[in-house]
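Some notes on the structure that comes next.
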Amino acid sequence: MAERGAQDESDLDDAQLLAAVAADSRDALGVLYHRHAPWLVLRLQRRCADRCLVDEVVQDTFVAIWKGASRWNGEGEVAAWMWGIAIRRLIDALRRSPRPVVLLGDLAGRVDEHALVGSAEEQVLLGVEHGDFAGALNRLSPELRAVVQSTVLDGLTTREAARLLGIPAGTVKTRMMRVRAALREELA
């Protein structure tokens, strides 16, 4: 019997493809890449202004998928699992990348200030682990922190977060209401 080719694997759903990747199918990884890399790039670009860094993160994400496909537990959507890997890779890359240093005399009106500062989300992602907000997040229950992580930091929709966390979408919404109330009270 002939081995299944990339053409046949394009008909498989994401869970089947991931199982094939876990069994060392490069063709299945290629199909997953072509299916998911475009939207991963777009979503990561909303969080990071550096296109080279985004491309690097996407590559690292698919290397992690190749190495860790067997760790997916079958719960939730494969795309949500992949997004979780990608956003963690982005945060790690942002932590590692040096912040640009520019002397005021060098500016002379030639520099785009967004290139120096980065996107607003880059600044928020880097600042999440410091300050009053970080302390307030750390004091939340693990259930509430998981909802914040998946919806706010990872950028998942309520439905995606519900699938990822294995809870109903209504529970995600309720927990986010509790998070907002707790953070308002703590940070006021």
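Of all the residues in segment 57-79, those that are under 21 Å from S10 (Cβ atoms) and touching a residue at least 60 places away in the same chain (Cβ under 8 Å) number 3.
Is it fair to say V102 is within 27 Å of L29 (Cβ to Cβ) and either at pLDDT 55 or above or of a type in the set (A, V, I, L, M, F, W, C) (or both)? No, not satisfied. In segment 80-94, the qualifying residues are those that are aliphatic (A, V, I, L, M) and closer than 15 Å to P38 by Cα, and the one that is surrounded by the fewest Cβ atoms within 10 Å (Cβ to Cβ) is A80. I want to confirm something. Restricting to segment 131-188 and keeping residues that are among the small types (G, A, S), under 25 Å from G74 (Cβ atoms) and surrounded by 11 or more Cβ atoms within 10 Å (Cβ to Cβ), which single residue is nearest to the chain's Cα centre (by Cα)? So the residue we want is G155.
Among the residues of segment 76-83, is any assigned to a loop (DSSP other than H, G, I, E, B), closer than 27 Å to T158 by Cβ, at pLDDT below 95 and among the small types (G, A, S)? Looking through segment 76-83, at least one residue is assigned to a loop (DSSP other than H, G, I, E, B), closer than 27 Å to T158 by Cβ, at pLDDT below 95 and among the small types (G, A, S). Can you pull out every residue in segment 40-56 that is over 19 Å from Q149 (Cα atoms), in a helix (DSSP H, G or I) and in contact (Cβ under 8 Å) with a residue 12 or more places away in the chain? Scanning segment 40-56 gives V41, L53, V54, D55, E56.
The values are calculated or read from the model by the stated rules, or taken from the named source; none is laboratory data. Treat the numbers as computed from the prediction; the structure is a model and nothing was measured. Counting neighbours? That spans all protein chains shown, and the Cβs are built from the backbone with ideal geometry, glycine included.
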